[in-house]
1. Accessible area of A:Asp256, 1.4 Å probe, to the nearest 10 Å²?
2. Please find, in a Gaussian network model of chain A (springs between Cα atoms separated by less than 10 Å), the residue of A:Arg284, A:Arg117, A:Arg52 whose mean-square fluctuation is greatest.
3. How high is the relative contact order of the stretch A:6-229, in percent, with contacts defined as C-alpha pairs under 8 Å that are six or more residues apart?
4. Work out which residues of the stretch B:88-133 lose at minimum 50 square angstrom of accessible surface when the other protein chains are put back, relative to the chain isolated, with a 1.4 angstrom probe, and list them by number.
5. Among A:Ala65, A:Val212, A:Gly98, whose Cα projects farthest towards the positive end of the dipole of the stretch A:6-229, with charges put on the beta-carbon of Lys, Arg (+1) and Asp, Glu (-1)?
6. What shape does the protein assembly as shown take by its C-alpha gyration tensor, where a ≥ b ≥ c are the square roots of the eigenvalues and a/c under 1.5 counts as rounded, a/b above b/c as prolate, and the rest as oblate?
7. Just reorder A:Lys136, A:Lys146 by solvent-accessible area, largest first, 1.4 Å probe, all chains present.
8. If I build a Gaussian network model for chain B, linking alpha-carbon pairs within less than 10 angstrom, which residue out of B:Asp228, B:Asp254, B:Asp105 has the largest mean-square fluctuation?
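The values are calculated or read from the model by the stated rules, or taken from the named source; none is laboratory data. Just so it is clear, the structure is predicted and the values come from calculations on it, not from any experiment. In this analysis, Cβ positions are derived from the backbone assuming ideal geometry, glycine residues included, and neighbour counts consider all displayed protein chains. Protein only, heavy atoms only, side chains kept; ligands, DNA and RNA dropped before computing areas. Shrake-Rupley method; radii C 1.70, N 1.55, O 1.52, S 1.80 Å.
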Amino acid sequence: MTEPAAVIETRGLTKRFRGGQLAVAGLDLVVPRGSVFGFLGPNGSGKTTTIRMLMGLIEPTAGLARVLGEPMPAAGARVLPRVGALIEGPALYGFLSGRDNLVRFDAADPTADPRTRAARVSEALERVGLASAAGKKARAYSLGMKQRLGLAAALLRPRELLVLDEPTNGLDPQGMREIRALVRSLASGGTTVFLSSHLLDEIEQVCTHAAVMSRGRLLVQGTVGELAASTRGRLAVTTPDTADAVRVLKEHGVNDLAVADDRVTGEPPVAPADLADLNAALVRAGVRVRAFGTERASLEDAFVALTGEGFDVAG
Amino acid sequence: MSQAEAAVRPPALRRLSLFRNETVTLFRRWRTLVLLGVLAAVPVLVGIAVKIETGGGGRGAGAHGGDGPAFVGQVTNNGLFLVFASLAATLPFFLPMAVGVVAGDSIAGEASAGTLRYLLVAPAGRTRLLLAKFTTTLVFCLAATLVVAVSALAVGALLFPLGEVTLISGTTVSLGEGLVRALAIAGVVAASLVGVAALGLFVSTLTGSGIAAMAATVGLLITVQILDQFPQLHAVQPYLFPHYWLSFADLLRDPVYGDQLWRNLALQGLYAAVFGSAAWARFTSRDVTA
């Protein structure tokens, strides 16, 4: 059995809901094996609908989706035991203990061995740091504990692919760090992780690859390095003479100028003039320059440049 | 790759693990226990009411034989009749209502809690999950009926004498045979609930709200019960699921009069086939967005 290079591959994947709303339009997504893949987009951009189609919960209107080399939803019975998923937050049986919740989800998998169930459940609880709260009823859990239990359900068996929708939602900073460490250790063990998140720095910290969605369309995908590099950094000048600096920079083709205290930032000119000449021009005009340079572009800059918006809800 | 091979052909035992877990989970819910508690209380109330009515065990209860609920008149002479009286009292409403709650909540409750998506990506398999839910509901039908019967038998034995059973047809049989007939009646009553269970399961696949599905199922039950009372509707009444419910009394004749009994069982089977298929068609094709 040759392992396909792409763990998730979609071609023209489209979902139009019955109301006529186009949730996902012609998605061509490729998630390489072994990657930690960040899936980005504002609320309502079609991320969760895509994940639901990949997991066989929603039938696509058009297009193809292959997960672990097999078509979804047709091959769900073969594919899904090898996939762990956290979709739109945890959902638990409040009247069952944390442990019994996991037992139930494991019993739902016809390929899971009942003889090893108790041991696997304990191991999963241990892994997410819930071992001591395993006997408590799930309704008494905090949001962060519920999130951990949802993660534990995804880790009941060794998985080839983990699909994690907003995995650090509701966690405190310490919990977030723990989950990130867990994702890294899983990835280093060879599991491909498909991670959707609101938190760009989170994606930047743990992901090797990323894709950005907006209004149901895939805007870009690639390695995190490529994405950040595709956006040029902003020019930043620190000076007490901000008004003069703005005037001089504008004359030399710097756009989108902004002043904050003694810092002037802007888009460097499109024609790649040497930035040293820009500095010289500032000094010639009598602007006292304390610091001059470009700021490294972050994924957030790339994101804003692509979607033209922050994390507002897409209309 | 052994893991993939295991995924293709799981042993039969593993296939059943969802059903087993489903049954255990159902009977661990407070709601289920409350429903069963209410059902267990009905024979207690009927028994105490009959006891008080007859003023402490006089044999003059024959006057009640004509009116009042079925079999209540015979209870003072033989506690075993409390089983029949209680089943006759709970079958029109309490029993099917309890089944409607469980069946209506089966899929819709998982959908509204969001656990449905996790069961499906586990992957439970939609047909397998539906079968597990339906089978568990049938187990509940049997459990609910037995709770009424056992509670009635205990109360009957405690408050009234037990002895030979005089059947509707006038013949007298031993207490042992009476108990066997009571068990058979409990089986028939449980089977009478199959139609409501299938209907509830179908309603449950239509909505993402457990409460709505439960209310709709119980609402349908009441509506059908009312329709079954109108003489003008006699043409459709043989197809209404409660129509032959009280035919279980025919098991107390000698010889057993089977015509209505079989019609009842066939009708329940028809409901199970029709609404079971409808539930399957709906559930296997539906987008799970909850």
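1. Roughly 100 Å² of A:Asp256 is accessible to a 1.4 Å probe.
2. A:Arg284
3. 28
4. Output list: B:Thr115, B:Arg117, B:Tyr118, B:Val121, B:Ala122, B:Pro123.
5. Positive-end residue among those listed: A:Gly98.
6. Since a/c reaches 1.5 and a/b is larger than b/c, the shape of the protein assembly as shown is classed as prolate.
7. Accessible-area ranking of A:Lys136, A:Lys146, largest first: A:Lys136, A:Lys146.
8. Result: B:Asp254 has the largest fluctuation of those listed.
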